[in-house]
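The values are calculated or read from the model by the stated rules, or taken from the named source; none is laboratory data. Predicted model, so just to flag it, every value in this text is computed and none were measured. When we count neighbours, we look across all protein chains shown, and the Cβ atoms used for this are built from the backbone with ideal geometry, even at glycine.
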Amino acid sequence: MRIIVDTNIVFSALLNSNSRIGRLLLDSRDKFQFYSCKYLQKEIHRHINKIRRYSGLNNDNLSELIALVESRIFFIEEELLPATIITEAKEWVAGVDFDDFAFVAIAIHLDAWLWTGDKKLMIGLRQKGYHRIVSTTDLWNMQEV
């Protein structure tokens, strides 16, 4: 199953790799293929000090964890997606959370599910009729089967 992970999912895994989110990202390769946009990597490095502070990890351990998490995700250059897909994704996120259009675009392009913990995004997309969203609980239950 193809799963698009957004920033809050990856940040959650980095803050607590033993959480359900962390375990899903790190231990369920046989069930899920994780994808995201290259912008996510920039976000990780832009917020590295905050992640380090809240995770309690030292530089070496955090660097190792970031490398491990990133190794579980196939990153796609959002600029390479077809313009029609980008336009459609921007329409879905308009008035919801424009910054997340790349995640939605990749989900549309790959016919995948968007995994997000962003309640505003989930609710907004569902209200607009976009239902290819999956929760952490849903994934956890699927991987246990």
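Annotations
- When residues of the stretch 109-122 are limited to those that are in a helix (DSSP H, G or I) and in contact (Cβ under 8 Å) with a residue 24 or more places away in the chain, the one farthest from T87 (Cα to Cα): K120
- Residues in the stretch 75-82 include at least one that is over 18 Å from V10 (Cα atoms), exposed (fewer than 13 other Cβ atoms within 10 Å of the Cβ) and in contact with a helix residue (DSSP H, G or I) (Cβ under 8 Å, 6 or more places away or on another chain).
- Within the stretch 77-106, the set of residues being under 14 Å from T7 (Cα atoms) and either among the aliphatic types (A, V, I, L, M) or touching a residue at least 24 places away in the same chain (Cβ under 8 Å) (or both) comprises D97, D100, A102, F103, V104, I106.
- Matching entry among E43, E79, E88 (being assigned to a helix (DSSP H, G or I), of a type in the set (D, E) and at pLDDT 95 or above): E88
- Residue within the stretch 48-67 that is of a type in the set (D, E, K, R), farther than 12 Å from I4 by Cβ and in contact with a helix residue (DSSP H, G or I) (Cβ under 6 Å, 6 or more places away or on another chain) present: yes
- Considering (1) farther than 25 Å from F101 by Cα; (2) touching a Leu at 6+ places or on another chain (Cβ under 9 Å), the lone condition that A13 does not fulfil carries the number (1).
- Test for S17: is it closer than 15 Å to I106 by Cα, small (G, A, S) and either touching a strand residue (DSSP E or B) at 6+ places or on another chain (Cβ under 8 Å) or not in a helix (DSSP H, G or I) (or both): no
- Enumeration of residues in the stretch 23-59 that are without any contact (Cβ under 8 Å) to a residue 24 or more places away in the chain and surrounded by 18 or more Cβ atoms within 10 Å (Cβ to Cβ): L57
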